[in-house]
Structures are given as C-alpha cells and as structure tokens.
Amino acid sequence: MLAATGHAVPKRAFTNADFASIGVETSDEWIRERTGIGQRYVAGDGENLTTICTEAARIALQRAGVTAAELDAIILGTASPDRLLPATAVEVQAALGATRAVAFDIDAACSGWLYGIQVAEGLMATGGYETILVIGGEVLSRIINWKDRNTCVLFGDGAGATVVKRSTKGRGVLSAYMRSDGTLADLLQRPKGAGSHPMDAQVLAEGSHFITMAGREVFKNAVRSMADAADRALDGAKLSASDIDLLIPHQANIRIIEATAKHAGIPMEKVYVNVDRFGNTSAASIPIALSEAQEQGLIKDGMHVMFVAFGAGFTWGSMVVRF
Ligand code: UT7
C-alpha cells in the first residue's frame with residue numbers, strides 16, 4: 001500500500017529561455033513542440049541528491065504519520081548518485097536518522113521508483129518488513145553535458161518519496177510488471193568515466209562521462225515498451241481501461257505520454273502531466289507526479305491508478321494500485 005508520498009525540487013527553476021544565457025542554440029518553441037517541457041529545476045550550491053531526497057522523505061513520513069526510526073528499509077532509485085561509492089540511500093538514512101533501516105540504491109534509470117516499489121512489495125511478502133521508504137531521486141544536472149542541446153534541454157532534478165506499508169482491505173498493488181533489455185544499453189548511457197574506462201584526461205576532454213542518447217531510437221522504444229507495459233498492467237489487474245481513474249506515466253516527453261495513453265485507451269483528462277514544469281526527472285518523475293496528484297485531491301480512496309515507466313537499460317514496467 002502506498003501510504004503517502006512527498007516531493008522536493010531544488011530552488012532554482014531554469015526556463016527554456018535561460019539556455020540563451022549559457023550559449024545553447026535552442027528555442028522555447030523547439031523544446032515545447034518536441035517535448036512539452038517549459039522549465040526544469042537545477043540543483044545549486046549546497047543542494048545534492050541526499051538533501052533533495054531527504055526533504056522529499058521528510059514530507060512523505062510526516063504525511064504517513066511514520067517516524068524515521070520506524071523504517072525497516074530505504075530503497076532509492078537513482079542514476080545520479082552523490083558518490084559512486086557508497087549508495088546515496090545510506091546518506092539519506094543517516095540524514096533522516098533511520099537507524100533500523102537497511103538502505104540501498106537501485107539503478108534502473110527512469111524505472112527506478114517503480115522497480116523500488118516492486119522490490120519493497122517483495123520484501124514485505126517474504127522478509128517480514130513492515131514499513132519501507134521508496135524514493136526516486138535525481139540530480140541529472142550534474143551528469144548532463146550542458147553544451148549538448150540534444151540532451152541538456154530534456155532533464156531536470158528532483159525527488160519523490162513514498163512510504164510503503166502492507167496492503168490492507170483490498171488496497172495496494174493489484175498488478176506489477178518489470179522488464180529490461182540490455183542489448184540496447186548503448187542507446188542511452190554514460191559511455192566512460194567508470195569501471196570499463198576510468199576517468200582520465202581524454203574522458204574529461206571529450207565529455208564522455210556525461211549522458212549521451214540516441215533520441216529517436218529511445219523515443220521509438222519508449223512508445224513501444226510503455227504500450228506493452230500498459231497492456232500488462234491491465235491484464236495483470238484484470239481491469240479494462242475504463243476502470244483506470246488516473247494514469248501516471250513517466251514524464252519524459254508529452255508525445256510519448258500521449259502515445260501511451262492513446263494505446264491504453266485512457267483519455268488525456270485522466271492522465272497526470274507535469275513534464276512542462278519539471279522536465280524529465282528520470283526516477284523521480286512518477287513519484288513527483290503522484291505527490292502532486294495527491295496534493296490536488298485527484299486520488300480518492302478506492303481509485304485505480306496506473307503507473308508506467310521506461311528508461312535507460314532499457315528498463316520498463318508498470319503497476320496498477322488501488323488506493
Ligand atoms: O527518460 C526516458 C528516456 N528518454 C526519452 O524517452 C527521450 C526520448 N526521445 C525524445 O524525447 C526525442 O527523440 C527528443 C526530444 C530527444 C528529440 O526529438 P526528435 O523529434 O526525435 O528530434 P530529432 O532528434 O530527430 O532532431 C531533430 C532536429 C535535429 O536537427 P536536424 O539534424 O534535423 O537538422 C537536431 O539537431 O532538431 C535538432 N535539435 C534541436 N534543435 C533545437 C536537437 N535538439 C535541439 C534543441 N534545440 N534542443
């Protein structure tokens with residue numbers, strides 16, 4: 001059961017117009033037309049993945065009426081950890097004072113939160129865990145190439161945190177689906193700067209430690225995989241599209257969101273969209289959207305919400321949850 005969700009973003013909003021100030025040749029018109037993005041948040045001095053995730057976590061804990069000391073586990077989905085070692089989840093654990101919790105990261109890129117919820121459900125079913133914090137958080141601004149207009153206009157920073165408890169009274173996860181395909185790993189990656197090619201002067205000079213993406217290929221795969229994931233979610237829950245009260249898809253591109261909704265047979269009035277204000281926040285995008293939807297009172301008890309994610313790996317998946 002997703003007991004409560006909170007979200008946090010850095011202070012600075014970076015608009016499409018702001019790219020002119022850093023010499024990136026693009027336009028508000030191009031970015032909006034191709035992606036639906038109008039602005040994104042960018043971490044500044046004193047802000048990092050740990051601080052943003054901790055802020056989101058505190059809000060979620062407070063909304064759930066749970067203390068940090070009660071947490072059995074903290075699972076952080078991220079592709080932009082504060083350090084390569086150790087996991088950022090342990091830094092969040094320390095910041096929260098979640099002394100009893102086991103804490104670890106999941107690297108499933110944009111599917112990180114969705115994978116995290118499904119891992120949490122598994123721990124509850126088999127490991128005796130009662131209360132788990134699942135966070136999707138990213139500070140992508142630190143791993144994108146701010147000179148590459150193909151990628152730098154797309155991504156944003158932020159975190160969403162969800163307190164997960166055991167399901168009760170027919171509430172909880174009705175269907176869950178996860179997939180990955182490593183044969184397509186090169187299409188969206190950070191090519192160098194880690195184990196297979198450690199950081200050196202050449203990597204720094206060519207910027208190959210930053211994210212690179214074959215945009216069109218990723219787009220096609222995202223549309224195909226999210227459509228498949230939506231079908232699986234409905235089949236698994238034995239529901240039809242008309243039973244879904246709200247679709248919360250990964251927020252990468254408004255065109256991908258619209259294609260997913262169309263394939264699933266869910267009208268756009270029932271689709272939560274905030275890519276215009278946050279950009280693509282990868283693992284954070286779904287929990288930020290869920291947190292906002294709940295703040296706006298869009299999710300009432302008994303409603304069916306469908307989540308669909310897709311990201312680097314490739315990874316993808318879906319869930320239907322009864323609130
Ligand atoms: O989070 C999960 C993974 N990520 C995604 O799901 C993202 C998937 N991909 C996409 O959303 C889209 O492919 C993009 C938004 C990245 C690109 O849109 P597109 O319609 O596929 O454009 P394109 O890559 O085919 O580029 C079209 C043109 C190119 O110019 P030429 O070669 O046609 O002359 C690019 O150089 O647009 C140019 N371009 C830009 N122009 C202005 C690329 N980026 C920009 C830019 N501003 N920022």
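The values are calculated or read from the model by the stated rules, or taken from the named source; none is laboratory data. No experiment lies behind these values; they were computed from the predicted model shown. Using ideal geometry, Cβ is built from the backbone for each residue, glycine included, and neighbour counts are taken over all protein chains shown.
Just wondering, is there one or more residues in the stretch 133-143 that are more than 25 Å from Val308 (Cα to Cα) and not aromatic (Phe, Trp, Tyr)? Yes; the residues of the stretch 133-143 include at least one that is more than 25 Å from Val308 (Cα to Cα) and not aromatic (Phe, Trp, Tyr).
Only one residue in Ala69, Ala57 is away from the ligand (no atom under 16 Å from the Cβ) and within 19 Å of Gly160 (Cα to Cα). Which one? Answer to the check: Ala57.
Residues that are within 21 Å of Leu96 (Cα to Cα), assigned to a helix (DSSP H, G or I) and not small (Gly, Ala, Ser) within the stretch 8-58 comprise Leu49, Thr50, Thr51, Ile52, Cys53, Thr54, Glu55, Arg58, listed in sequence order. From the list Thr67, Thr15, Thr35, Thr50, the lone residue that is in contact with a helix residue (DSSP H, G or I) (Cβ under 6 Å, 6 or more places away or on another chain) and modelled with pLDDT of 95 or more is Thr50. Taken over the stretch 213-241, residues that are buried (at least 20 other Cβ atoms within 10 Å of the Cβ) and either of a type in the set (S, T, N, Q) or away from the ligand (no atom under 15 Å from the Cβ) (or both) amount to 6. Here is a check on your reading of the model: is Val271 without any contact (Cβ under 8 Å) to a residue 40 or more places away in the chain and under 20 Å from Trp113 (Cα atoms)? Considered against the rule, which asks whether it is without any contact (Cβ under 8 Å) to a residue 40 or more places away in the chain and under 20 Å from Trp113 (Cα atoms), Val271 comes out as yes. Apart from one condition, Ile74 fits all of (1) surrounded by fewer than 22 Cβ atoms within 10 Å (Cβ to Cβ); (2) closer than 27 Å to Gln294 by Cα; (3) more than 14 Å from the ligand (Cβ to nearest atom); (4) of a type outside the set (Gly, Ala, Ser); the exception is (1).
Scanning the stretch 278-323 for residues that are within 16 Å of the ligand (Cβ to nearest atom) and assigned to a helix (DSSP H, G or I) turns up Phe278, Ser282, Ala283, Ala284, Ser285, Ile286, Pro287, Ile288, Ala289.
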